[in-house]
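Novice: Here it is, the structure, as C-alpha cells.
Where a number appears in this text, it was derived from the coordinates with a stated rule and is not lab data. Quantities reported herein were computed from a predicted structural model and do not represent experimental measurements. Quick reminder, even Gly has a Cβ in these numbers, built from the backbone with ideal geometry, and neighbours come from all protein chains shown.
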Amino acid sequence: MRFFIDTANVDEIRKANDMGVICGVTTNPSLIAKEGRDYKETIQEIATIVDGPISGEVKPTTLDYEGMIKEAREIAAIHPNMVVKIPLTADGLKACHQCAKEGIKTNLTLVFSASQALLAARAGATYVSPFIGRLDDISEDGLELIRTIADMFSVNGIDSQIICASIRSPYHVMQCALAGADIATVPYKVIMQMVHHPLTDQGIEKFQNDYKKVFG
Ligand code: E4P
C-alpha cells in the first residue's frame, strides 16, 4: 500500500515529501477552503513539490454533468499529474465515463458502499475513495467496507485503485494495508502519529545518556 497525503497545506506536503513516504496528494473543497488561497495557485504549487498523482475536486456547487466535465477538463489542464475528483452521483459517473474516454484520470469520491465502488470502477474510475472515518462516525464499520471492496475488485479483476480516505488513526492505516488497499490518503497529523513511538524516544534518550557518560 502506498501513501498519499490528504491536505492542501503546502508546508505539510513539503515535510511529508521530504521524509520520502508519500507519492501523491489528495485535496477536497474543505481542505482548499481551510488554506484560504487561490485554488489553481495552490494546486500548481503542490505540483512543484510532489511528482505524483494530485487529486483536485470539481466545485461542490457543480452537480450537473455539463458543469463537471467542463471543470474536469480545466483541472486536468493545470498539470499532467492532475487527477479529477468527482462525487459519486449519477452525473458524476457520467462525467467519470467521459473523462475515461478522454484519457483524464479520475478519483471517485464520497464512496460509502461497495456497490458505489463497483459502479465507479465500471464507469472507468482510475481511483475510488471509500471514506472510513465518516462511516465509523455513524457507528458503521469503515474498515469492513475496505475489506469488501478489496475482495470484490480482486475477485473481478478490476483495475481501479482503492484510495482509503477519511483516515483518522494509525490503526486505520495498518488495517487498510492488511485489507489489500492500493493507497491510503493520510492527514499529516496521522503520518506523524505513525512516526512517533514512546519507546523510540526513550531509546534515544538512553543511548544519549550512556554515550555521554563514557565519551562526554
Ligand atoms: C479524501 O480524499 C478526503 O479528502 C478526506 O479523506 C476526507 O476526510 P474527512 O472525513 O476527515 O474529512
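Novice: Taking every pair of distinct Cα atoms and averaging 1/r, then inverting, what Kirkwood hydrodynamic radius in Å comes out for the stretch 14-109? Spell out each step's value before the answer.
Specialist: On the way: mean 1/r = 0.0737 Å⁻¹.
Computed over Cα pairs of the stretch 14-109, the Kirkwood hydrodynamic radius comes out at 13.6 Å.
Novice: Strictly over 26 Å apart at the Cα level, which of K59/K105; K15/K213; K15/K40 would you flag in this model?
Specialist: Violating the 26 Å Cα-Cα cut-off are K15/K213.
Novice: Let me ask you something else. What is the sum of charges around D136, taking Lys and Arg as +1, Asp and Glu as -1, for the other residues whose C-beta is under 11 Å from the C-beta of D136? Mind dumping the intermediate values first?
Specialist: Working: positive: R134, R168; negative: D137, E140, D141, E144.
For residues surrounding D136, the net value is -2.
Novice: Taking the alpha carbon gyration tensor of the chain, what are the square roots of 5 times its eigenvalues, largest first, to the nearest whole Å?
Specialist: Numbers: eigenvalues 235, 91, 39 Å².
Ellipsoid half-lengths, sorted descending, are 34, 21, 14 Å.
Novice: Convex hull over the alpha-carbon atoms of the stretch 106-164: what's its volume per residue in Å³? Numbers along the way, then the final one.
Specialist: Details: hull volume 3.6 nm³, N = 59.
Once divided by residue count, the hull of the stretch 106-164 is 60 Å³.
Novice: Moving on. Identify all aspartates and glutamates with a Cα-Cα distance to K206 below 18 Å; exclude those on the same chain that are fewer than 8 residues away in sequence.
Specialist: Once the sequence-local aspartates and glutamates are set aside, nothing remains near K206.
Novice: OK, next. At a 4.7 angstrom Cβ threshold, list every cysteine in the chain that has nobody to pair with, or say none.
Specialist: C23, C96, C99
Novice: Sticking with this one: Quick check on the exposure proxy: order V50, V195, V111 from fewest to most C-beta atoms within 10 angstrom. All intermediate terms of the calculation are to be shown ahead of the outcome.
Specialist: Values: V50 20, V195 11, V111 25.
Ranking V50, V195, V111 by Cβ neighbours within 10 Å, fewest first, gives V195, V50, V111.
Novice: Provide, as a two-decimal number, the C-alpha radius of gyration of the stretch 61-172 over 2.2 N^0.38 Å, N being how many residues it has.
Specialist: Numbers: Rg = 14.0 Å, N = 112, 2.2 N^0.38 = 13.2 Å.
Normalised by 2.2 N^0.38 Å, the Cα Rg of the stretch 61-172 equals 1.06.
Novice: With θ set to phi - 60° and the Karplus curve 6.51 cos²θ - 1.76 cosθ + 1.60, what are the ³J(HN,Hα) couplings of the stretch 107-112 in order, to the nearest whole Hz, using x for Gly and Pro?
Specialist: After applying 6.51 cos²θ - 1.76 cosθ + 1.60, I find 10, 7, 10, 6, 8, 10 Hz.
Novice: With angles folded into 0 to 90 degrees, how steeply does helix 170-179 sit against the dominant principal axis of the chain? Use alpha carbons for both and round to 10.
Specialist: The angle comes out at about 60 degrees.
Novice: Here's a follow-up. Once the other residues with Cβ under 14 Å from the Cβ of L93 are scored (Lys, Arg +1; Asp, Glu -1), what is the net sum?
Specialist: Working: positive: K85, K94, K101, R122; negative: D64, D91.
Local net charge: +2.
Novice: Could you tell me which of Q116, L135, C23 has its Cα farthest along the dipole of the chain towards the positive end, charges placed at Cβ (Lys, Arg +1; Asp, Glu -1), taken about the Cα centre?
Specialist: The residue sitting farthest along the positive end of the dipole is C23.
Novice: In percent, how large is the relative contact order of the stretch 99-216, given Cα pairs closer than 8 Å and 6 or more residues apart? Display every interim value, and only then the final one.
Specialist: On the way: 155 pairs, mean separation 22.9, N = 118.
Dividing the mean separation by the residue count of the stretch 99-216 yields 19 percent.
Novice: Which cross-chain or sequence-distant (5 or more) residues have an amide H under 5 Å from the amide H of V83, H modelled 1.01 Å from N in plane?
Specialist: Counting only residues 5 or more places away or on other chains, the set is I54, S55, G56.
Novice: Okay, next question. May I ask for the net charge around R168, where only other residues with Cβ less than 13 Å from the Cβ of R168 are counted and Lys, Arg are +1 while Asp, Glu are -1? Write out the running numbers ahead of the final one.
Specialist: Working: positive: R134, K189; negative: D6, D136, D137.
Spelling it out: positives minus negatives among the neighbours equals -1.
Novice: Shifting gears a bit: Quick one: among L118, L178, L108, which has the greatest mean-square fluctuation in a GNM of the chain with alpha-carbon springs under 10 angstrom?
Specialist: L178
Novice: Mean separation of Cα pairs under 8 Å and 6+ residues apart, divided by the residue count of the chain: what relative contact order is that in percent?
Specialist: Working: 374 pairs, mean separation 37.1, N = 216.
Across the chain, relative contact order equals 17 percent.
Novice: Continuing with this model, one more query. Specify the angular offset, from 0 to 90 degrees and rounded to the nearest 10, of the alpha carbon long axis of helix 90-102 from the longest principal axis of the alpha carbons in the chain.
Specialist: That helix lies at roughly 90 degrees to the long axis.
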